[in-house]
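Here the structure comes first, spelled out in structure tokens, and everything after it is commentary.
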Amino acid sequence: MASFARLSPSGKHLAYARAGREFAGHAVPLELRLLPWDPAPDDGGAPRAAGAAQTLLSADDTAGDSADDAGDTAWGKGDGWCGWGGFHDEFASLCWLTDGALLLNTLQRGELCALLVSPGQNKAGTTVHKLLPPQEGAAPCSVKLVGARADAADAKVVVQSSSFLSPPQLWACSVPTSADGGAEAPTGWCKLADAAELAAPPALALLRTEMVASLGACAVHRVTLPASEGGAEAFVLLPPPDAGTYAW
């Protein structure tokens with residue numbers, strides 16, 4: 001089953017998400033595939049496929065195992081990739097940056113990631129760059145694609161990043177492009193905004209101070225389910241007995 005089709009700027013390539021079986025659930029990872037497209041056939045017919053599909057991102061850590069695959073160029077084999085995962089918003093994020101580069105969001109091992117994908121040329125293999133702004137510390141970070149714009153020289157991509165140690169930040173980077181529309185690793189990261197640096201409205205400043213003090217007085221407990229029940233973990237905040245009711 002194919003969905004979320006995106007036509008390239010030149011109209012010569014069609015990118016789409018592919019599920020391994022019909023009506024696959026959200027827990028099933030998808031593939032990213034690329035189909036050569038003829039927007040104006042010589043016979044005057046309707047636009048149609050002009051060749052076999054190519055797998056750019058596999059649905060697991062294997063690649064090139066589809067009978068109709070144009071070549072073993074998929075990114076995923078041995079890369080720790082676990083498939084294009086997520087819900088509607090992640091799959092709907094798929095877009096073309098240039099005629100030779102795609103952008104998308106995906107959920108990977110509990111983190112939201114933004115990827116820059118360049119289709120492999122002559123079976124050279126798909127090139128994938130994770131859009132990761134400079135981070136302080138080693139805390140896991142989630143990155144979400146916000147927007148992009150491309151011109152003849154390079155392209156600009158804007159992402160939002162956040163982690164347990166950092167509130168949301170807005171970053172922009174440059175993506176060098178080649179004559180054939182391919183994209184290279186992002187460079188020149190620039191922070192556009194940081195939620196931690198934004199001043200709180202006067203009416204909320206006192207409440208924020210109270211919230212910080214109240215949270216500091218809470219006891220933190222980690223709750224873990226048995227492995228037989230999934231092994232999920234959660235943190236529970238227990239306020240002091242005399243804390244009363246918090247307004248927030």
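Annotation: the residues PHE235, PHE91, sorted from fewest to most other C-beta atoms within 10 Å of their own C-beta, follow the order PHE235, PHE91. Each residue, SER162 and MET1, gets one label point 7 Å from its Cα in the Cβ direction; the gap between the two is 3.0 nm.
Arrange the peptides 100-111, 185-196 so that the one whose residues have, on average, the most other Cβ atoms within 10 Å appears first. Can you show the working numbers first?
Working: 100-111: 19.3, 185-196: 12.8.
Descending mean neighbour count gives 100-111, 185-196.
Note on GLN135 and LEU225: the extension gain reaches 29.2 nm, defined as 0.36 nm multiplied by sequence separation minus the Cα-Cα distance. The fewest-to-most ranking of PHE4, PHE164 by surrounding Cβ atoms within 10 Å reads PHE164, PHE4. In terms of surrounding Cβ atoms within a 10 Å radius of their Cβ, ARG222, ARG6 rank from fewest to most as ARG222, ARG6.
Every number here is computed from the coordinates shown, using simple stated rules; none is lab data. Keep in mind it's a predicted model, so treat the numbers as computed, not measured. FYI the Cβ positions are ideal-geometry reconstructions off the backbone, even for glycines, and counts take in every protein chain you see.
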